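Novice: Here it is: the structure, laid out below.
Here, each number is a calculation from the coordinates, and none is a lab measurement. Here the structure is a predicted model, which means the values were calculated and not measured. Quick reminder, even Gly has a Cβ in these numbers, built from the backbone with ideal geometry, and neighbours come from all protein chains shown.
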């Protein structure tokens with residue numbers, strides 16, 4: 001009985017370690033295909049992965065959030081996506097208290113409902129907190145993506161990263 005308990009505990013520890021190494025779902029390593037949303041957000045993703053709780057980097061991250069919010073335009077899905085991406089990523093790593101990132105991303109998706117790349121970001125924004133919404137957007141992104149596209153390539157890459165951490169989401 002103790003061996004089974006220890007084995008379950010060890011598996012849980014490994015999953016947590018793997019999740020920590022993967023980073024926040026929105027900022028996971030993706031393929032920045034030229035001309036794609038992934039390329040448009042890659043500089044923010046790289047900055048997010050270097051953010052930490054030092055005073056200077058926290059202040060810089062919060063300043064970036066303020067700038068991205070100021071740049072939001074109601075009919076511009078990319079500006080909404082960038083602000084939502086940054087707000088949620090900074091929230092997930094404990095730098096910003098803002099919790100409206102997923103909502104901003106869903107607003108961007110509403111402006112581009114048939115774009116699989118926006119659906120991928122909407123899915124990632126909900127991976128940890130709302131598995132059903134994650135699954136809905138993930139499946140939609142899969143249905144909309146075409147073979148060899150930036151969306152299809154990143155769906156495969158992201159699934160490879162997270163299927164070992166959240167196997168129930170990728171069945």
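Novice: Averaging over all projection directions, find the projected area of the Cα convex hull of the stretch 87-128 and quote it in nm² with one decimal place.
Specialist: 2.7 nm²
Novice: Could you tell me what a quarter of the Cα convex hull surface of the chain works out to, in nm² with one decimal place?
Specialist: Result: 10.9 nm².
Novice: Could you tell me how far the Cα centroid of the stretch 55-81 sits from the Cα centroid of the stretch 93-171, in Å?
Specialist: With the stretch 93-171 and the stretch 55-81 each reduced to a Cα centre, they are spaced 20 Å.
Novice: If each of residue 152 and residue 171 carries a label point 7 Å out from its Cα toward its Cβ, how far apart are those two points in nm?
Specialist: 2.7 nm
Novice: Still on this structure, I have one more. Return a whole-number percent for the relative contact order of the chain, with Cα pairs under 8 Å and 6 or more residues apart as the contact set.
Specialist: The normalised contact order for the chain reaches 21 percent.
Novice: When the helices in the chain are scored as -39500 (n - 2.57) per DSSP H run of 4 or longer and the sum is shared across all residues, what 222 nm value do you end up with, to the nearest 500 deg cm²/dmol?
Specialist: -22000 deg cm²/dmol
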